[in-house]
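The values are calculated or read from the model by the stated rules, or taken from the named source; none is laboratory data. Note that the structure is a prediction, hence the values are computed from the model and not measured. So basically every Cβ, Gly included, is an ideal-geometry build from the backbone, and we count neighbours across all protein chains shown.
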């Protein structure tokens, strides 16, 4: 019955250790920050209230988010601009110079397994953390594992299947930057009437772009499978998959 | 002399690009940011880098900061995430365990060594480091940095009502680790007849 006294001793131990802990002297961090801030681009936009600011953050993320660093045709760039819904063609879309004959293209980063950077969790824990139930692919596959990936406090849930990983978040910060090298096909498609992208035919890089338009450190990954990216009902999805385009689109429209 | 401005005013000014106002916050919270990072990475140089990066990220992301939240736990959320990423990226945890082994054998403590007074604290640090990262962070925030529960909630990005249960769960897991692997840390049972002599 009285588990309370037994439950307290570790708290006492912790409090004792916490108060006795001796930290190194705090260095002059402010000086370093001042130097760094001097290099940060000026003037953050004025705060105009949460709705406008959130919209601006999303727009910034979208603008900066879908950048192609592959030699793409103008058609593809136009499609990207269309997807963004913003007249940003030529401003935000980065194009790598075409390698000259004999040049070796810059190698892609070594692919990392999900297990190497994500935290295993359960659907229940993920739902509690993200405050929404992660979408599950109905029918064909059984989920193998569930992970949480943290990006500066913003959590992304990844449900892993035998042939696919489904990334999902409803955060305003998380938008996909799809950087392709050697990608054979970048195709604009639709999911539930909304623009989406299907990337296939070769390894490519995905990055997470923050609302400040900068890449979230450590988020760059090489995807060796096909990728479908789309948004639906306020959620952002990325399906990394061995499925065909038709199968992947079938999965996308099947999500609740 | 100008009176120090409060956090909210400083954040409002910083959002408009006022770096000086933001540096007021840096001066105010650099110690807790450094300590939070140090608790996770246990390396003073790395903790300095992480704290500095945390402030820069905070400045760059002030648009996502909610004005009705206090600044300190929001900053600590950024710093602890950076620190955890650093640990994960560099495999510092393994290095830390190796360092513990060295510390126990080395009578000359290095400047960055873990400075917990006495062997019990040393063992406790090892036990904490065997916990999942979320548990470690919540225990550090509560017991080492003395954050109130509402600030812990912001720092770990959870509803305030869940902090108690998360602390309880983390403490419970620590208790299990101690009982299984560090029984010397358990309190001695109080004998009824003879009393204890110190």
> So how many residues does the stretch A:227-256 have that are farther than 16 Å from residue A:158 by Cα and part of a strand (DSSP E or B)?
Replying inline: 1
> Can you tell me how many residues in the stretch A:163-197 are under 22 Å from residue A:134 (Cα atoms) and at pLDDT 60 or above?
Replying inline: 16
> Which condition breaks for residue B:124 when tested against (1) more than 9 Å from chain A (Cβ to nearest Cβ); (2) farther than 30 Å from residue B:10 by Cβ; (3) modelled with pLDDT of 80 or more?
Replying inline: (1)
> When residues of the stretch B:55-70 are filtered for being free of Cβ contacts under 8 Å to residues at least 40 places away in the same chain and more than 9 Å from every other protein chain (Cβ to nearest Cβ), how many remain?
Replying inline: 2
> Among (1) at pLDDT 80 or above; (2) part of a strand (DSSP E or B), which single condition is residue A:155 missing?
Replying inline: (1)
> Across the stretch B:11-54, what is the total count of residues that are free of Cβ contacts under 8 Å to residues at least 24 places away in the same chain and more than 19 Å from residue A:25 (Cα to Cα)?
Replying inline: 8
> Using beta carbons and a limit of 8 Å, which pairs, at least six apart or on different chains, have the first residue in the stretch B:136-148 and within 11 Å of another protein chain (Cβ to nearest Cβ) and the second one part of a loop (DSSP other than H, G, I, E, B)?
Replying inline: B:139/B:131; B:141/B:147; B:144/A:21
>> Any residue at all in the stretch B:134-150 that's loosely packed, with under 14 Cβ neighbours inside 10 Å and modelled with pLDDT under 50?
In response: no
>> Test of understanding: among B:37, B:21, B:45, B:51, which residue is part of a helix (DSSP H, G or I) and more than 30 Å from residue A:113 (Cα to Cα)?
In response: B:21
